[in-house]
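Participant: Sharing a structure here in structure tokens format.
Where a number appears in this text, it was derived from the coordinates with a stated rule and is not lab data. In this text, all values refer to a predicted model and were calculated from it rather than measured experimentally. Positions of Cβ are backbone-derived with ideal geometry, glycine not excepted, and every protein chain shown enters the neighbour counts.
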Amino acid sequence: MLWWFWVALGISLLVAEFFVSGFVVAFFGVSALLSALSSWLGLTTSWASSSTFFIVTSALSFFFSKRLADRYFPKDSVQHDGSEEAAHRGQRVKVESKCTEDRAGQIRYQGTLWRAVSLHGEIKAGADAKILYFDQGSWVIEALETDLVPDTKSLNTSTSEDLAETSTST
């Protein structure tokens with residue numbers, strides 16, 4: 001009755017493949033079904049021998065699966081090596097809704113609205129900005145020099161006495 005365990009495991013793994021990407025679990029499912037066949041034929045008669053058979057066939061199918069998958073499922077012709085992102089870097093965009101470092105706004109780029117966050121400070125709606133890079137589903141942008149909004153937290157707030165002192169010393 002050892003072979004029933006391997007049949008159940010094999011079918012379970014093949015069904016699990018529908019929920020897991022990568023086409024990896026299916027090879028373990030096939031290996032479990034091969035273990036079931038070897039147990040049914042009497043080639044493996046104990047848990048140790050059928051488990052060893054499963055491990056060996058799983059390893060072999062896993063290592064040789066890449067070659068088979070590449071042959072029948074060729075990769076896309078587009079390589080995602082960062083060159084796509086580099087083509088967008090530095091492009092001028094229009095800010096449609098306010099963008100900050102902490103809160104995403106929207107930009108209009110190539111006729112489409114995109115999520116964007118500011119690299120530094122706040123960029124108001126209507127301002128022009130440039131794309132720096134893409135990160136976690138949002139474009140990271142930087143205001144063009146003419147559209148910078150000063151960060152009031154980091155401004156040095158001078159008092160009237162400070163201004164009077166500097167004007168009398170010059």
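Participant: Hey, can you tell me all the residues within region 118-129 that are hydrophobic (A, V, I, L, M, F, W, C) and surrounded by fewer than 19 Cβ atoms within 10 Å (Cβ to Cβ)?
Facilitator: Within region 118-129, Leu119, Ala125 meet the criteria.
Participant: Another question, then. Scan region 86-110 for residues that are of a type in the set (Gly, Ala, Ser), within 14 Å of Ser138 (Cβ to Cβ) and in a loop (DSSP other than H, G, I, E, B) and report the count.
Facilitator: Residues flagged as of a type in the set (Gly, Ala, Ser), within 14 Å of Ser138 (Cβ to Cβ) and in a loop (DSSP other than H, G, I, E, B) within region 86-110 amount to 1.
Participant: Condition check: over 26 Å from the mean Cα position of the chain (by Cα) and surrounded by 13 or more Cβ atoms within 10 Å (Cβ to Cβ). Does Ser39 satisfy that?
Facilitator: It is true that Ser39 is over 26 Å from the mean Cα position of the chain (by Cα) and surrounded by 13 or more Cβ atoms within 10 Å (Cβ to Cβ).
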